[in-house]
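Reading through the structure tokens given below for one structure.
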Amino acid sequence: MPEKSEKNGRLNVIASLRKLISEGVYAPGERLKELHVAERLQVSRMPVRLAFRTLEQEGLLQKTGTRGYVVRQFSEEDVLCAVEVRGALEGLAARRLAEQGVTEEVGAQLRNCLSRGEALLEKGHLVKADIEVWATLNQEFHRAIVGATGSRVIHDAIARNDHLPFASADSIVIDDAALDREYGKLRMAHAQHQLVFQALSRGEGARAEMLMREHAYIGLRYGALFGLGEVGRASDAE
């Protein structure tokens with residue numbers, strides 16, 4: 001239990017920092033200090049330190065000096081291009097998997113993710129703890145598809161692209177102050193997962209590829225449909 005609690009605490013800090021950067025609260029070029037961020041988020045310094053490292057890997061922070069980090073400057077076009085690349089690569093992975101056939105093991109992994117997603121959403125609303133549940137199952141769903149292709153080339157290309165701002169499937173921004181509206185976005189994301197699985201199971205390569213390409217935009221463009229802000233605008237380069 002303590003280990004799970006620590007993990008959830010770290011993930012909450014990562015999600016909170018990601019949101020603050022996406023909204024421009026921490027501006028491009030601004031130096032972040034562990035103590036100040038910890039005080040703002042009302043947590044200890046350790047999860048903040050770990051969050052800094054994760055967000056550096058995501059391309060949102062850049063290391064400066066021995067222990068410091070600054071917010072990386074990026075444009076909306078940078079974010080859009082990175083998301084398009086991820087959609088193309090994950091779409092390619094989905095098409096290859098559909099064509100080669102989904103094994104029982106991979107099918108069970110994907111169905112498990114769908115079941116957990118349905119259980120999370122069936123109550124008709126979100127609570128803050130649901131953010132980390134979704135983040136985990138979403139990560140597992142995407143990784144299962146890419147990993148099942150057996151293609152090191154696709155895996156490595158996605159791993160490199162994940163170092164760009166908001167490019168990875170893990171970096172979806174969920175506003176915990178607007179969970180009523182975020183529910184609609186996650187319901188749509190879950191429906192897309194279901195459709196992708198359907199296409200994979202039926203061997204519909206072209207359809208699976210198209211669905212994964214569109215799914216990449218869930219965190220970038222779909223927020224506007226539910227009265228939420230769009231990711232990537234607040235940190236545009238001048």
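The table for this structure:
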quantity: Viscosity 1.567 mPa s, 4 °C: Kirkwood-radius Stokes-Einstein D of region 53-180 over Cα pairs, µm²/s; calculated: 79 µm²/s
quantity: FRET efficiency, E140 to D180 (Cβ-Cβ, R0 30 Å, nearest 0.05); calculated: 0.70
quantity: Cα convex hull of the chain - mean projected area over all directions, nm²; calculated: 13.2 nm²
quantity: Region 172-216: Rg to Rh, with Rh as the Kirkwood radius over Cα pairs; calculated: 1.12
quantity: R0 of 22 Å, Cβ-Cβ distance Q57-V153: FRET efficiency to nearest 0.05; calculated: 0.60
quantity: Principal-axis tilt of helix 130-148 within the chain, Cα atoms, nearest 10 degrees; calculated: 50 degrees
quantity: Length released on extending from Y217 to M46, taking residue separation times 0.36 nm less the Cα-Cα span; calculated: 58.3 nm
quantity: Under 5 Å, built H, 5+ apart or other chain: amide partners of Y69; calculated: L32, T64
quantity: Label point distance in nm, A191-C81, each placed 7 Å from Cα along Cα→Cβ; calculated: 3.3 nm
quantity: Label point distance in nm, E105-L225, each placed 7 Å from Cα along Cα→Cβ; calculated: 3.5 nm
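Coordinate-derived values only; no laboratory data. Keep in mind it's a predicted model, so treat the numbers as computed, not measured. Using ideal geometry, Cβ is built from the backbone for each residue, glycine included, and neighbour counts are taken over all protein chains shown.
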